1. Tell me which residues, restricted to the range 16-61, are within 27 Å of Y130 (Cβ to Cβ), free of Cβ contacts under 8 Å to residues at least 24 places away in the same chain and aliphatic (A, V, I, L, M).
2. Residues that are touching a helix residue (DSSP H, G or I) at 6+ places or on another chain (Cβ under 8 Å) and at pLDDT 80 or above: which helices (runs of 4 or more DSSP H) entirely in the range 1-113 hold 2 or more of them?
3. Would you please name the residue that is modelled with the lowest pLDDT, looking only at residues in the range 295-310 that are outside any strand (DSSP E or B) and more than 14 Å from A350 (Cα to Cα)?
4. Tell me which strands (runs of 3 or more DSSP E) are completely within the range 338-404 and hold 2 or more residues being over 21 Å from D112 (Cβ atoms), at pLDDT 70 or above and of a type in the set (A, V, I, L, M), or say none if there are none.
5. If we scan the range 311-332, do we find a residue that is in a strand (DSSP E or B), modelled with pLDDT of 75 or more and of a type in the set (D, E, K, R)?
6. Hey, among T224, T241, which residue is modelled with pLDDT under 90 and either in the same structural domain as I319 (by TED's automatic domain parsing) or more than 22 Å from the chain's Cα centre (by Cα) (or both)?
7. List pairs: first in the range 319-334 and under 19 Å from D355 (Cβ atoms), second modelled with pLDDT under 75 and surrounded by 13 or more Cβ atoms within 10 Å (Cβ to Cβ), Cβ under 6 Å, 6+ apart or cross-chain?
8. Taking the range 133-152 only, how many residues are under 18 Å from L28 (Cα atoms) and among the charged types (D, E, K, R)?
Amino acid sequence: MLNKTAEMSQVHDSETPEDRVVEILSRLPPKSLMRFKCIRKSWCTLINGQSFVAKYLSNSVDNKLPSSTCILLNRTQMHVFPDQSWKYETLWSMMNLSNYSDEHNLHYDFTDLNIPFPTEDHHPVQIHSYCNGIVCVITGKSIRILCNPATREFRQLPASCLLLPSPPEGKFQLETIFEGLGFGYDYKAKEYKVVQIIENCEYSDDERRYYHRIALPHTAEVYTTTANSWKEIKIEISSKTYQCYGSEYLKGFCYWLANDGEEYILSFDLGDEIFHIIQLPSRRESGFKFYNIFLCNDSIASFCCCYDPKNEDSTLCEIWVMDDYDGVKSSWTKLLTVGPLKGINENPLAFWKSDALLMVSCNGRVTSYNSSTKNLSYLNIPPILNEVRDFQAVVYVENIVSVK
């Protein structure tokens with residue numbers, strides 16, 4: 001015991017004032033750190049340094065900064081003007097999870113974020129992936145943005161090397177359509193990457209001037225932050241037209257729920273830059289359909305549901321968790337059955353607080369379903385003036401990783 005005390009004393013004595021400053025700063029919220037950068041030049045250099053950013057990231061990943069865990073909300077509303085013109089407006093908010101009032105109506109600290117996205121009036125801002133405090137968003141056909149909401153930094157990516165401008169109306173030629181986007185960290189190259197999947201098609205006409213849509217093989221491209229450019233890569237998956245829904249990043253892989261007549265998960269290894277197909281649990285014969293994938297306790301989870309055969313107004317849902325994925329093979333375990341629930345949309349927003357599922361009711365209210373108590377609680381989210389056209393939620397851990 002004496003030896004252990006002496007050892008701890010030596011460690012404490014060897015700690016310099018600079019070490020104590022680093023330890024204190026690395027546990028502060030990003031908003032405070034951004035202010036401290038303006039106080040001292042040495043603090044600005046320290047906070048911007050790679051070693052400090054890595055330490056801060058490690059603290060947040062290890063949950064040493066519980067107040068930094070939030071829910072990032074993306075709400076889109078449409079403005080219609082007297083001349084019948086219209087445009088989308090995007091409102092981002094941060095909801096702190098640490099405070100709530102009662103069991104049935106949850107109250108949280110809200111902060112609205114004013115981030116000046118370069119947007120197109122007729123296209124909303126959509127979150128497509130998240131990693132280490134950075135979200136990857138899309139607005140319009142061509143604008144791709146990396147954004148750190150905690151620091152208010154954003155970076156617009158250069159134009160795609162595969163997406164072509166939409167052909168003029170009445171002109172039928174090669175058309176490229178965005179299908180899926182992923183973003184994450186490549187541990188091998190030690191850099192962030194964005195991967196984009198493109199559907200290609202062309203049109204032909206016959207003697208009767210009927211136009212036929214011909215699907216071509218998909219293409220893909222990868223953007224790297226160090227090169228600040230896109231490059232084309234191979235995608236040897238399926239020649240059929242398929243759709244990718246959502247996107248999740250976990251431990252060097254991007255994942256999408258895909259469908260080319262059959263549902264499966266499409267994964268992308270950011271290090272090897274290779275696509276893989278992962279089979280989903282067989283639930284079709286039971287009437288279940290997969291609607292989404294999301295992160296659940298540091299694993300990829302899939303969400304499927306079907307109408308309750310005893311009551312068509314109610315929905316029965318299941319959450320399946322993927323186990324032991326090595327890039328090729330995987331296995332699945334059913335985590336829990338949710339419901340039957342009445343008046344709840346099939347597509348969940350996020351799994352949070354380790355036992356709660358964030359969902360949207362059919363009347364547009366956000367609810368939290370506790371899988372332990374089986375209780376539904378409403379979140380009192382401040383309203384916005386016009387009708388909400390789209391709603392996204394990301395379990396977000398604040399960080400200071402720069403996107404510049």
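1. Correct list: L28, A54.
2. Values: elements: 2-14, 17-25, 30-36, 41-48, 50-61.
The helices (runs of 4 or more DSSP H) meeting that bar are 17-25, 30-36, 41-48, 50-61.
3. Pass one, the range 295-310, residues outside any strand (DSSP E or B): 296-299, 309-310.
Going one step further and asking which of them are more than 14 Å from A350 (Cα to Cα), we end up with 309-310.
On the way: P309: 63, K310: 66.
Looking at the filtered set, the residue picked out is P309.
4. On the way: elements: 350-352, 356-360, 366-370, 376-379, 388-397.
The strands (runs of 3 or more DSSP E) meeting that bar are 356-360.
5. yes
6. Working: T224 fails: modelled with pLDDT under 90.
Of T224, T241, the one residue that is modelled with pLDDT under 90 and either in the same structural domain as I319 (by TED's automatic domain parsing) or more than 22 Å from the chain's Cα centre (by Cα) (or both) is T241.
7. M322/S330
8. 1
The values are calculated or read from the model by the stated rules, or taken from the named source; none is laboratory data. Please read these numbers as outputs of a predicted model, since none were measured by experiment. Glycine gets a Cβ as well: all are built from the backbone with ideal geometry, and neighbour counts include every protein chain shown.
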